[in-house]
Structures are given as structure tokens and as C-alpha cells.
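The values are calculated or read from the model by the stated rules, or taken from the named source; none is laboratory data. What you are looking at is a predicted structure, and each value in this text was computed from that prediction instead of being measured. As a convention, Cβ positions derive from the backbone with ideal geometry for all residues, glycine included, and neighbour counts pool all protein chains shown. What goes into the accessible areas is simple: the full protein's heavy atoms, side chains included, and nothing from ligands, DNA or RNA. Shrake-Rupley method; radii C 1.70, N 1.55, O 1.52, S 1.80 Å.
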Amino acid sequence: MNVSAPAKKRLLTGDRPTGPLHLGHLVGTLHNRVRMQDQHDCWLIVADLHSLTTRSRREQIGELPELVHEVVLDLLSVGIDPEKSTIYLQSGVPAVYDLAILLQMLIPVNRLRGIPTIRDMARNAGLKDDEVPLGLLGYPVLQAADILMARAEVVPVGGDNEAHVAIAVELAEHFNELYGPVFPIPQAMVSSTPTLPGVNTIDDGSLRKMSKSAGNSIRLKDSAEEVARKVRTLAGPAAGVSPEELDASPLFAFVDAFLTDKAAASALKYDYMRGKTKADAVHEAITADLEILLKPIRERRAELMADPGRIEEIVVDGTIRAREVAYQTLNQVRDAMGLEPLWSGLVAATQRRAEARNRPY
Ligand code: TRP
């Protein structure tokens, strides 16, 4: 009888190293990653090549060591365990570049032109239509190369990346059809958490999602004082609003996301609508529960920072593991496509000729 546990499915997800992670990441994906690392062979990519699609200047590349360090520190501080999860640096796995080139042969340019995220990323980076680099158009193909080289079966992503995983599925199916069954078909797992709005809504009145670039985030590394100050910038809806308007407000989105005592949260809403509770009291309640959530994260961060070089060691370990798998996959791909036989045929013929003339090549 076979009593060994069934092999864990490989999961791949990750981030571009463009700045510190924040509360939106925590509720949108980080908690889920920590939860899933027990039942999956969890791989987390630090996608620095993807950040080159819009940040390829020398100074921007010069910032990468610090940015990579930051994002890995964030991952570990929330409870990603390097014993369970493989954290790796994308640009340290050159086989992925090769795979991306081969996958590019299998997808029409117009399929990529139709993907809205590419236009959004170009706009956010201030690029005009005729300035979009080929690499940005190919963003989803590179992401497909990440997914397929890792032979990942589960790919948790935010809604904006769903279209990219769809490209990976199409490429895997198309490749397998043309050259034989090499790739497992990956499956996107789209986050169902509502998007967290940003702070500073008193100043700009906006209802924008929390994001690194919008300057409206509460970062995981913020001090307790910074968190409290930022929470106070969440505008309260006018008294007498309807329950729907209340729920749609940034202030109460935070109540829903972070108050652990759901009965207390309902009572707070009820009192607020009747003008019995003011925004100040809601801010205080949010800050108190956020502190319970963020304090252990801050403490783990401090421990990790007390061991210089530890972060880099974890990334090197993970990247070495990723490189091994990537080269295996690339070899299978080159075999299936007939490229490896092409090269080894040339080498064999050269050897035969050398033997025939009795002089080594
Ligand atoms: N595109 C992802 C982002 O939005 C990062 C990423 C790169 C990724 N390769 C991946 C995510 C592979 C999941 C799987 O930052």
C-alpha cells in the first residue's frame, strides 16, 4: 500500500519589487499566501524583470537591491516561512528569458494588444502609445513563462492579473497541442476580497484603491503612530447616510476589513448613522484592531533586520531551487520543439567527421 502523502500542488504568485507592501496587499493576498503555504508547494516570485517593463533606466535598476530586500522582508514579516515557501528572484533564472522567447512564437500580437492592463501600466508609467516597449506588450508572455517554467498548477492573483493567467493557459494548451504534453495547465485563483480603499480621503475626497504609487497606503512597516495618523485621514460619511452609503465609504470599508468583533462593528455603524458616534471614535476602534494585526508583523520585521544577510541568503537559496526546475523545463521544451535534437545533430555530425578524418575537432 502506498502510504506516502499525495504530492503538494505547486503554487506560484508574487510581486514586482516597486515599493513597500501595504494593508491592501495584506488583506488581498498576503494572508492567503500564509494560509496556503501549508497545503501547497508555494513559490513566490520577486518579479524584477517585470518591473523593467516600465522602469528600465540605470538608476531604476540601481534601486533594485533595496527594493528586493524590502519586499522579501515584508513577505517574511507577515509569516511566509522560507522552510515552506520558495522565494526567488526572477532575473536570477535566465532559463525564463529563453522560454519567454519560445512562447512568443505562439501568440498573435493582437491578442496582447487587447489586454487592458498593458494600457493601464503604460499610462501609469507616463508612456505614450508609440513609446510602449515590446517588453511591456510581452508582459503576459513573460508571466506565462514564469508560470510554465515552474510547472505551477495554482496561480493566485488579483483581478487585474486574471487576463495574464488566461494567456498562460492558452500558451500551455497551444504548446502541448503542437509539440506534445509538456506543461500542466495552470489555474488562476482570483482573490475574492473586496479592494481596500486608500487613506487621505479627507484631503482628496477620493475613493481610490490603496496603492503604492498613489501615496495613500498604510505600509506594513509603518510605526504605530504613523498608522494612527493615517487612519485619522479617513473621512467619515455625513451623518444620516443610508446603510448602503455607509458601507461604500472608505471609513467603513476599514471597519469591515479590520474590526474583528463583528457585533461591535454593527453597533458602531448603527450609532454612527444616528449621529451618536463620531468619526473620531471609529478611527480609534480601527486603529486599536490594526495595532493587534500589525504589532507582531512589526516585531518579526525587527527580528529579521537584526540578522543582516539573512534575507539575501533566503533569496539565493530559493533562486537556486528555481533555476534547477527552470533548466529541466527548458530542456523538455527544447526537446519537444526539436531544438535540442537540432543542436545535438550538428554536434554528432561534427564528431563523426572528426573521427572519419582521424583528427579531433
Ligand atoms: N504580474 C504580477 C504583478 O502584478 C507579478 C508576477 C510576475 C506574477 N510573474 C508572476 C504573479 C507569475 C503570478 C505568477 O506584480
Starting from a Cα-only point model with no solvent, please compute log10 I(q)/I(0) by Debye for the stretch 196-241 at q = 0.29, 0.32 1/Å. -1.11, -1.22
What figure, in Å² to the nearest 10, do you get for the accessible area of Arg151 with a 1.4 Å probe and non-protein molecules left out? 70 Å²
Which of the listed residues, Tyr361, Val325, Ala336, is farthest toward the dipole's positive end in the stretch 277-361, when Lys, Arg count +1 and Asp, Glu count -1 at the beta-carbon? Tyr361
Taking only protein heavy atoms and a 1.4 Å probe, what accessible area per residue, in Å², does the stretch 292-332 have with all protein chains in place? 61 Å²
Between the stretch 42-93 and the stretch 197-254, what is the C-alpha centre distance in whole Å? 28 Å
Give the average over all directions of the projected area of the C-alpha convex hull of the stretch 95-154, one decimal, in nm². 4.6 nm²
Cubic angstrom per residue, convex hull over Cα atoms of the chain: 211 Å³
To check my understanding: the extent here is largest minus smallest coordinate of the Cα atoms along each principal axis. What are those three numbers for the stretch 1-122, in Å, largest first? 51, 35, 27
Listed by chain and number, the aspartates and glutamates with an alpha carbon less than 14 angstrom from that of Lys212, same-chain partners under 8 positions apart left out, are Asp15, Glu70, Asp74, Asp222
For Tyr270, what accessible surface area do you get with a 1.4 Å probe? Give it in Å², rounded to 10. 120 Å²
Let me check something: with ligands and nucleic acids excluded, how do Trp343, Trp43 order by accessible area (1.4 Å probe), largest to smallest? Trp343, Trp43
Compute the convex hull volume of the Cα atoms of the stretch 94-225, divide it by the residue count, and report the result per residue in Å³ as a whole number. 151 Å³
Quote the relative contact order of the stretch 131-277 in percent (integer), defining contacts as alpha-carbon pairs under 8 Å separated by 6+ residues. 17 percent
Roughly how much of Ile320 is accessible, in Å² to the nearest 10, using a 1.4 Å probe? 90 Å²
I want the local charge near Ala257. Using Cβ-Cβ distances under 13 Å, sum +1 for each Lys or Arg and -1 for each Asp or Glu among the other residues. -1
How many percent of the accessible area of the chain is carbon or sulfur, using a 1.4 Å probe? 54 percent
The chain: relative contact order from alpha carbon pairs under 8 Å, six or more residues apart, as a whole percent, is 21 percent
Using every alpha carbon pair in the stretch 11-57, what percent of pairs falls into each 5 Å bin from 0 up to the bin containing the largest distance? 5, 19, 25, 22, 17, 8, 3, 1
Entries of Lys9/Lys84; Lys230/Lys295; Lys128/Lys209; Lys84/Lys295; Lys8/Lys84; Lys9/Lys209 with Cα pairs more than 20 Å apart: Lys128/Lys209; Lys84/Lys295; Lys9/Lys209
Skip the ligands, DNA and RNA, and give the accessible area per residue of the stretch 84-160 with a 1.4 Å probe, whole Å². 44 Å²
